[in-house]
Amino acid sequence: MVHKYVYLFSEGDGSMRNLLGGKGANLAEMVKLGMPVPQGFTVTTEACTRYYDDGKKISPEIEAEIYEKLAEIETLNGKKFGDTKNPLLVSVRSGARASMPGMMDTILNLGLNEDVVAGMIAGNPDPKFERFVYDSYRRFIQMFSDVVMEVSKKRFEVIIDELKEEKGIKDDIDLNAEDMKKLVVLFKAFYKKEKGVDFPTDPKEQMMEAVKAVFRSWDNPRANVYRRMNEIPYSWGTAVNVQPMVFGNLNENSGTGVAFTRDPATGENALFGEYLINAQGEDVVAGVRTPSPIAMLKNDMLEVYEQFAAIAKKLENHYKDMQDMEFTIENGKLYMLQTRNGKRTAAAALKVAVDLVEEGMIDKKEAVLRVDPKQLDALLHPQFDASALKKAEVIGEALAASPGAACGRVVFTAEDAKAWADGGEKVVLVRLETSPEDIEGMAAAQGILTVRGGMTSHAAVVARGMGTCCVSGCGEITMFEEEKYFTLGGKTIKEGDYISLDGTTGKIYGEAVPTVEATISGDFYTYMGWADEYRTLKVRTNADTPRDTVQAVKFGAEGIGLCRTEHMFFEADRIKAFREMIVAKTVEARKEALAKIIPFQQGDFEAMYTALEGRPMTVRYLDPPLHEFLPTKEEDILELAQELNITVEELKIVIASLHEFNPMMGHRGCRLAVTYPEIAEMQTTAVINAAINVNKANPTWNIVPEIMIPLVGEIKELKYVKDIVTSTADKIIAEAGVELEYHVGTMIEIPRAAITADEIATEAEFFSFGTNDLTQMTFGFSRDDAGKFLDAYYDAKIYESDPFARLDQTGVGKLVKMAVELGKQARPDIKLGICGEHGGDPTSVEFCHNIGLHYVSCSPFRVPIARLAAAQAAIRSLEDKK
């Protein structure tokens, strides 16, 4: 049987998402539900994969199948492609299986040329119709040139602006038929100047070039960035949807819009959206004109509004989720062009999930699977300080497109946003309107402010998905992009000046407004309570201060999985004593210096145990190389030498002796304790005494210290350091006359430790996987330097994600799984956790659940993310076993 690469909408359904892509599957499902969808066809994701396998060519059999289905939709629609009297015009759109709003390309009005245009006008000499035809043609030239031939559409916008200025008009809609005709001539001339050939006129050539362009757009830079951010595999490919055009720009009885069944910013159960009269879909999404709220459609076209509201309700009930719909009205008749599960803010996602359960539409288990764990991040970050906000001057107000607070220095391009953010600056990206090319800059910015565009513009949709604050459609701004400044509310704001945005109210402040900790709504606690009902994996936090500990406990942390003790040594009141220890020439001198640190270290641990209120804490002993505690600048060396009462030469000899060519693989971790056992003695004294004191003050807590020896690669070095720990601890406990249980374990962060985990488990009572170092040592590259070349690896499709952000399950994961299995063989009751940054990454959390870890540990603000990811992993794991 011949392999099928092209399906009519009527041949598919919603279950075929992997093959037809999200858009194609949903169009097929809407046809099945009897909705007014222009009948078209979908070229499958398999055809996209084949296109790349065949060296970026469409095979003759796929081309033949496309033309065969084109003939079928000609019959269905009673029009003929390329015909001059009754032409079929089509849209060509991308549609991957995962929603990627604005990341790939669309072409409208395909099939137009001079003959078709002339034939259409001959059949209807009304000047308004003539204007519509030429408007459609100039749009097609612009989009085809941009998407297929890579001539930027912005350059065509310049031509439009010049014509409007020449005529003294403000809006595109004020251009008449002659103006549109003139634009077509100007556009074609510009195209020829740029490409050296005439604009293509053969509709079949236009069709195949457009399909190829959509396939190519799967691999464009912005799609690649979006895929990495959202963990969408490159191998999926995109489908192409070819659909007969319906024209929102036909006349004043036509229009186009985008709407959601619930408010995507708040989750409120009310129809939310926007539309434009006499416009095509791109006008709403691109934000070139500011649209009207969907409720006003009642006044313009009551019947259409009521029909649309009924369809919206039917779609939400069918998909049991909030829907994002695109529609066009052609001469008073409604057509549905798309539906999908709507992108929404984190607050809206929680409200919709909780409301759908309360409405009886879904159960709690389904609700827990509905929210992307990464979205919770947006709920957990600071808002504006209320007292500072009262004093701040509002210089403008626009649409509150994506909630939250943002404060930063103004930049005007996505490139600058990324560059400044990479340099450590907090920035606010200010644009006339954003486009998909701006994705990296939008991701780097604290907030986004646009002059044009509504609540469903590109800026609004993408910002909501990212959890980034956005204020859009501020038409009061006068923009000077080239000169890098804008004016608003009587103020001139230049590049580098501070502004603040409130994405919840739409207010813009011409100054830096301080922020305060986020407050979380009742929906959050309800929802996270449901998640915890299904979760089996414990979630701890990585914290080094009582303040971070308290924050993490508020977010639901069940203990500390990693307390990095070296961070405590950098405090001003103890760094001098630690430096004295480093420069000491005898054991006695080192012990004397370390004795000064014990009260500080013990006080820190007591404060941490108190903040945890009896929850467990894993204390990692000193890990970094000693050179990190000493200065490098000449003036700092001079000052320290005086402070330590030694000569500059003596200090320089110590610094030189600590120099290493590769310090991350040098004298650090347990190797320090092997060389200087007194460091491990001091830390053990502090931990054990702190536990005894806090247990005495709080008898019901029963603190059991967990002491973690880092960077072990050989069982004998672990035993050597463990013996120091146990002899010191046992002596203190005996002298105190108390009973205190404690555990000694290790971090598995060297490949050799993973391979010999069965041996190491005979001494270690627990393993914590330090996947940051384990990734670094397994791949053989430095996490501090890898960023310089990883982009090239992403572009070449060697890696699809950053292995330091998302656990490499194929290589590093195999080592972790091996260590888990070997460790359990030697010690069946061994406790297993992970404390690298991967502990807060949802896909990595799922991996940890599946291989049988007991807990994950992550930074305080990622605790809710890990809790939800762990719940989803547990639910999916149970479903897979059924």
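The values are calculated or read from the model by the stated rules, or taken from the named source; none is laboratory data. Computed from a predicted model, the values in this text were never measured in an experiment. Ideal geometry is used to build each Cβ from the backbone, glycine not excepted, and the neighbour counts take in all protein chains shown. Only protein heavy atoms, including side chains, enter the accessible area calculation; ligands, DNA and RNA are left aside. Shrake-Rupley method; radii C 1.70, N 1.55, O 1.52, S 1.80 Å.
Cβ contacts < 8 Å: first residue among the basic types (Lys, Arg), restricted to the stretch 831-856; second residue assigned to a strand (DSSP E or B) and open to solvent by 30 Å² or more (accessible area, probe 1.4 Å), any location; separation 6+ or different chain. Result?
These pairs meet every condition: Lys831/His743.
Condition (residue is assigned to a helix (DSSP H, G or I), surrounded by 20 or more Cβ atoms within 10 Å (Cβ to Cβ) and not aromatic (Phe, Trp, Tyr)) applied to the stretch 186-195: is it met by at least one residue?
Within the stretch 186-195, not a single residue is assigned to a helix (DSSP H, G or I), surrounded by 20 or more Cβ atoms within 10 Å (Cβ to Cβ) and not aromatic (Phe, Trp, Tyr).
Hey, does the stretch 154-170 have a residue that's touching a residue at least 60 places away in the same chain (Cβ under 8 Å), open to solvent by 50 Å² or more (accessible area, probe 1.4 Å) and of a type in the set (A, V, I, L, M, F, W, C)?
no
Are any residues in the stretch 819-878 of a type in the set (Val, Ile, Thr) and over 19 Å from the mean Cα position of the chain (by Cα), and if so, which ones? Break it down into steps so the answer makes sense when it comes.
Initial filter on the stretch 819-878 (of a type in the set (Val, Ile, Thr)): 820, 830, 834, 843, 845, 851, 856, 863, 865, 875.
Within the stretch 819-878, Val820, Ile830, Ile834, Ile851, Val856, Ile875 qualify.
Out of the stretch 228-243, which residues are more than 20 Å from Arg50 (Cα to Cα) and surrounded by 20 or more Cβ atoms within 10 Å (Cβ to Cβ)?
Gln243
Any chance the stretch 255-277 includes a residue that's open to solvent by 30 Å² or more (accessible area, probe 1.4 Å), closer than 20 Å to Ser91 by Cα, in contact (Cβ under 8 Å) with a residue 40 or more places away in the chain and more than 28 Å from the chain's Cα centre (by Cα)?
Checking the stretch 255-277: not a single residue is open to solvent by 30 Å² or more (accessible area, probe 1.4 Å), closer than 20 Å to Ser91 by Cα, in contact (Cβ under 8 Å) with a residue 40 or more places away in the chain and more than 28 Å from the chain's Cα centre (by Cα).
State all residues of the stretch 30-57 that are part of a helix (DSSP H, G or I) and either touching a Ser or Thr at 6+ places or on another chain (Cβ under 7 Å) or touching a residue at least 40 places away in the same chain (Cβ under 8 Å) (or both); if no residue qualifies, say none.
Within the stretch 30-57, Met30, Val31, Thr45, Glu46, Ala47, Cys48, Thr49, Arg50, Tyr51, Tyr52 meet the criteria.
Please indicate, with yes or no, whether at least one residue in the stretch 860-881 is under 25 Å from Ile750 (Cβ atoms), surrounded by fewer than 24 Cβ atoms within 10 Å (Cβ to Cβ) and aliphatic (A, V, I, L, M).
no
Just one of (1) of a type in the set (Val, Ile, Thr); (2) in a loop (DSSP other than H, G, I, E, B); (3) free of Cβ contacts under 8 Å to residues at least 12 places away in the same chain trips up Val513, so point out which.
Here Val513 meets the rest and fails (3).
Looking at (1) over 20 Å from Asp544 (Cα atoms); (2) open to solvent by less than 20 Å² (accessible area, probe 1.4 Å), which is the one condition that is false for Val619?
(1)
Residue by residue, here is whether (1) at pLDDT below 90; (2) more than 27 Å from Thr238 (Cα to Cα) holds:
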| position | (1), (2) |
| --- | --- |
| Thr84 | no, yes |
| Pro87 | no, yes |
| Gly111 | no, no |
| Pro125 | yes, yes |
| Arg131 | no, yes |
| Ser145 | no, no |
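Give the residue that is surrounded by the fewest Cβ atoms within 10 Å (Cβ to Cβ), with candidates limited to residues of the stretch 571-590 that are touching a Lys or Arg at 6+ places or on another chain (Cβ under 7 Å) and farther than 17 Å from Tyr621 by Cα.
First, pick out the residues of the stretch 571-590 that are touching a Lys or Arg at 6+ places or on another chain (Cβ under 7 Å): 577, 581, 584.
If we keep only those that are farther than 17 Å from Tyr621 by Cα too, we end up with 577, 584.
Values: Ala577: 17, Ala584: 19.
So, considering only residues that are touching a Lys or Arg at 6+ places or on another chain (Cβ under 7 Å) and farther than 17 Å from Tyr621 by Cα, the one surrounded by the fewest Cβ atoms within 10 Å (Cβ to Cβ) is Ala577.
Taking into account only those residues within the stretch 395-417 that are in contact with a strand residue (DSSP E or B) (Cβ under 9 Å, 6 or more places away or on another chain) and of a type in the set (D, E, K, R), which is most open to solvent (accessible area, probe 1.4 Å)?
Glu397
State yes or no: is Ala593 within 30 Å of Ala367 (Cβ to Cβ), open to solvent by less than 10 Å² (accessible area, probe 1.4 Å) and in a helix (DSSP H, G or I)?
no
Which residue out of Val214, Val240, Val246, Val184 is among the aliphatic types (A, V, I, L, M) and in contact with a Lys or Arg (Cβ under 6 Å, 6 or more places away or on another chain)?
Just a single option satisfies the conditions, and that option is Val184.
Would the stretch 300-321 turn up any residue that is outside any helix (DSSP H, G or I), over 26 Å from the mean Cα position of the chain (by Cα) and not polar (S, T, N, Q)?
Yes, there is a match, as at least one residue in the stretch 300-321 is outside any helix (DSSP H, G or I), over 26 Å from the mean Cα position of the chain (by Cα) and not polar (S, T, N, Q).
Any idea which residue in the stretch 834-859 is modelled with the highest pLDDT, counting only those that are open to solvent by less than 10 Å² (accessible area, probe 1.4 Å) and among the hydroxyl-bearing types (Ser, Thr, Tyr)?
The qualifying residue modelled with the highest pLDDT is Tyr855.
Taking the stated definitions as given, is Ser857 of a type outside the set (A, V, I, L, M, F, W, C) and farther than 28 Å from Asp544 by Cα?
For Ser857, the condition - of a type outside the set (A, V, I, L, M, F, W, C) and farther than 28 Å from Asp544 by Cα - is not met.
Among the candidates Ala392, Ala353, single out the residue that is crowded, with 22+ Cβ neighbours inside 10 Å and over 17 Å from the mean Cα position of the chain (by Cα). Don't jump to the end; show me each part of the working.
Values: Ala392 fails: crowded, with 22+ Cβ neighbours inside 10 Å.
Ala353 is the lone residue from the list that is crowded, with 22+ Cβ neighbours inside 10 Å and over 17 Å from the mean Cα position of the chain (by Cα).
Being within 30 Å of Leu815 (Cα to Cα) and of a type outside the set (A, V, I, L, M, F, W, C) is the requirement here; does Gly745 meet it?
yes
Looking at (1) surrounded by 19 or more Cβ atoms within 10 Å (Cβ to Cβ); (2) at pLDDT below 95; (3) in a helix (DSSP H, G or I), which is the one condition that is false for Leu76?
Answer for Leu76: the failing condition is (1).
Restricting the search to the stretch 134-183, which residues are within 16 Å of Gln206 (Cβ to Cβ) and basic (Lys, Arg)?
Taking the stretch 134-183 first, the residues within 16 Å of Gln206 (Cβ to Cβ) are 136-151.
Within the stretch 134-183, Arg138, Arg139 qualify.
I'd like to know if the stretch 448-458 contains one or more residues that are at pLDDT below 95, in a strand (DSSP E or B), closer than 13 Å to Gly503 by Cβ and not aromatic (Phe, Trp, Tyr).
Checking the stretch 448-458: at least one residue is at pLDDT below 95, in a strand (DSSP E or B), closer than 13 Å to Gly503 by Cβ and not aromatic (Phe, Trp, Tyr).
Cβ-Cβ below 8 Å, separation at least six or inter-chain, first residue in the stretch 772-800 and closer than 19 Å to Ser844 by Cβ, second in a helix (DSSP H, G or I) and acidic (Asp, Glu): which pairs?
Pairs found: Asn772/Glu837.
Checking the conditions here, which among Phe804, Phe847, Phe767, Phe861 is of a type in the set (Phe, Trp, Tyr), touching a helix residue (DSSP H, G or I) at 6+ places or on another chain (Cβ under 9 Å) and over 30 Å from Tyr527 (Cβ atoms)?
Numbers: Phe804 fails: over 30 Å from Tyr527 (Cβ atoms); Phe847 fails: over 30 Å from Tyr527 (Cβ atoms); Phe861 fails: over 30 Å from Tyr527 (Cβ atoms).
Answer to the selection: Phe767.
Out of the stretch 145-159, which residues are under 30 Å from the mean Cα position of the chain (by Cα) and in a helix (DSSP H, G or I)?
Residues satisfying the conditions are Asp146, Val147, Lys153, Lys154.
Pick out the one residue from Tyr275, Tyr335 that is modelled with pLDDT of 95 or more and under 22 Å from Met35 (Cβ atoms).
Within the list Tyr275, Tyr335, the selection yields Tyr335.
Does any residue of the stretch 127-143 turn out to be in contact with a helix residue (DSSP H, G or I) (Cβ under 9 Å, 6 or more places away or on another chain), of a type in the set (A, V, I, L, M, F, W, C) and either over 23 Å from Thr84 (Cβ atoms) or not in a helix (DSSP H, G or I) (or both)?
Initial filter on the stretch 127-143 (in contact with a helix residue (DSSP H, G or I) (Cβ under 9 Å, 6 or more places away or on another chain)): 127-143.
Checking the rest, the ones that are also of a type in the set (A, V, I, L, M, F, W, C) come to 129, 132-133, 140-141, 143.
From the residues that got through so far, the ones that are either over 23 Å from Thr84 (Cβ atoms) or not in a helix (DSSP H, G or I) (or both) too are none.
Checked against the condition, which is being in contact with a helix residue (DSSP H, G or I) (Cβ under 9 Å, 6 or more places away or on another chain), of a type in the set (A, V, I, L, M, F, W, C) and either over 23 Å from Thr84 (Cβ atoms) or not in a helix (DSSP H, G or I) (or both), the stretch 127-143 yields no hits at all.
So, of the residues in the stretch 81-95 that are of a type in the set (Gly, Ala, Ser), in contact with a Lys or Arg (Cβ under 8 Å, 6 or more places away or on another chain) and assigned to a strand (DSSP E or B), which turns out to be surrounded by the most Cβ atoms within 10 Å (Cβ to Cβ)?
Going through the stretch 81-95, the residues of a type in the set (Gly, Ala, Ser) turn out to be 82, 91, 94-95.
Within this subset, residues satisfying the condition of being in contact with a Lys or Arg (Cβ under 8 Å, 6 or more places away or on another chain) are 82, 94-95.
Subsequent filtering for residues that are assigned to a strand (DSSP E or B) retains 94-95.
On the way: Ser94: 25, Gly95: 27.
Within the stretch 81-95, the match that is surrounded by the most Cβ atoms within 10 Å (Cβ to Cβ) is Gly95.
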